[in-house]
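Structure record follows, encoded as structure tokens.
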Amino acid sequence: MDWYSMSAADAVKKLGSSVDRGLSSREAEKRLGQDGENILRGKKKKSIIAEFFEQFKDFTVIVLLIASGVSFATSFLEEHGDFADPIMILIIVILNAAVGVIQQRRAEHSLEALKSMSAPTAAVIRDGKETKIPASEVVRGDIIEVRAGDLVPADARLISSHSLSAQESALTGESMPCEKDALIGIPEGSPQAELKNMIFSSSVITAGHARAVVTQTGMDTAVGKIAHLLNTEDEPTTPLQIKLAKIGKVLGIGALAIC
């Protein structure tokens, strides 16, 4: 839902909250049980050895290993066999596996960096009173207060703002802080950098203060979507890649049959 394209009052109403009283403690607890904690989740970590051997599942790598075995066997049977070819193939396969492991580790480190940007606590309105809670307990519909120096705990639609600006370089790539305004109207389909009436999880409030209603938490936030991409091992396969993979299998099987 494009929360930025509707008024703050409509957003609060749709989320079943109240600008002045916020959520009740009971309702917040219920929503926390339904949506889960407001945290970035990562996939279960594997050992380096497990990640290394996973690189050998690819069909092309298997063909290379078989080719290396055949080349080694033929070289061994010859009186003055040359083992350079099988050794080179093995080195290439091992280097390929090592590069794959390094790429996976980099993705894990990037996810940890995103997690370190998450806010530890949040100022919310519960039962009509402002209180500080762990950011992991923030739920959709919570009314939050943010001030200069705060990390934003979740994606939220601004209700009121005063000279507000936020640093969103991790999301938009913009090096300068972005000015925010609760009253500005944003058309549907606008890019991330133009959502002036929204604040986003893990961004930093650089000036001013504001009140906002939480629209998304955890992995549903803008930064959560980035974390999801980092967690995804398999990238979408293009039609050309599918055709090349089929041709590679045919050529590989044909080459092994000839051997």
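The values are calculated or read from the model by the stated rules, or taken from the named source; none is laboratory data. Just so we're clear, the structure is a prediction, and the values are computed from it rather than from any experiment. Cβ sites come from the backbone with ideal geometry, for glycine too, and all protein chains shown count toward neighbours. Heavy atoms of the whole protein, side chains included, go into the accessibility calculation; ligands, DNA and RNA do not. Shrake-Rupley method; radii C 1.70, N 1.55, O 1.52, S 1.80 Å.
Say the cut-off is 28 Å between C-alpha atoms; which of Lys225/Lys249; Lys225/Lys246; Lys30/Lys180; Lys13/Lys196 go over it? Provide the component values of the computation, followed by the final result.
Numbers: Lys225/Lys249 34 Å; Lys225/Lys246 32 Å; Lys30/Lys180 31 Å; Lys13/Lys196 20 Å.
Over 28 Å Cα-Cα: Lys225/Lys249; Lys225/Lys246; Lys30/Lys180.
Extension gain Arg41-Asp2, at 0.36 nm per residue separation less the Cα-Cα distance, in nm? If you can, show how the numbers build up before the last one.
Working: separation 39, 0.36 × 39 = 14.04 nm, distance 2.38 nm.
Using 0.36 nm per residue and subtracting the Cα-Cα distance, I get 11.7 nm.
Taking 7 Å along the Cα-to-C-beta vector as the label spot, tell me the Asp85-Asp127 distance in nanometres, rounded to one decimal.
7.9
In degrees from 0 to 90, rounded to the nearest 10, what is the angle of the helix 222-231 Cα long axis to the longest principal axis of the chain?
So the inclination is approximately 20 degrees.
What's the angle, to the nearest 10 degrees (0 to 90), between helix 239-258's Cα axis and the longest principal axis of the chain?
20
Using the Cα centre of the chain as the reference point, and only Cβ charges (+1 on K/R, -1 on D/E), how large is the resulting charge dipole? Debye, rounded to the nearest 20.
On the way: 28 positive and 33 negative charges, 148 e Å.
Value, rounded to 20: 720 debye.
Per residue, what accessible area does the chain have, given a 1.4 Å probe and all protein chains present, in Å²? Don't skip to the end; give the middle numbers.
Working: 15300 Å² over 259 residues.
Computed with neighbouring chains in place, this is 59 Å² per residue.
Mind checking the angle between helix 84-116 and the chain's longest principal axis? C-alpha axes, 0 to 90 degrees, to the nearest 10.
10
Long-range amide H contacts for Asp142: which residues qualify at under 5 Å (H placed 1.01 Å from N, peptide plane, sequence gap of 5 or more or a different chain)?
Val214
Could you check which residue among Ser201, Ser18, Ser163 shows the biggest mean-square fluctuation in a GNM of the chain with a 10 Å Cα cutoff?
Taking springs between Cα atoms under 10 Å, the residue moving most is Ser163.
Hey, what's the Kirkwood Rh for segment 82-225 if you take every pair of different alpha carbons, in angstrom? Let's see the in-between values first.
On the way: mean 1/r = 0.0584 Å⁻¹.
17.1 Å is the Kirkwood radius here.
Exactly which trypsin sites (Lys or Arg not before Pro) in segment 1-96 are in a DSSP loop and have at most 11 other Cβ atoms within 10 Å? Please list the in-between numbers first.
Details: sites: Lys13, Lys14, Arg21, Arg26, Lys30, Arg31, Arg41, Lys43, Lys44, Lys45, Lys46, Lys57; in loops: Arg21, Arg41, Lys43, Lys44, Lys45, Lys46.
The qualifying sites are Lys44, Lys45.
Starting from the amide H of Arg126, placed 1.01 Å from N in the peptide plane, find each other amide H under 5 Å away whose residue is 5 or more places distant or on another chain.
Under 5 Å from the amide H of Arg126 lie the amide H atoms of Thr131, each far enough along the sequence or on another chain.
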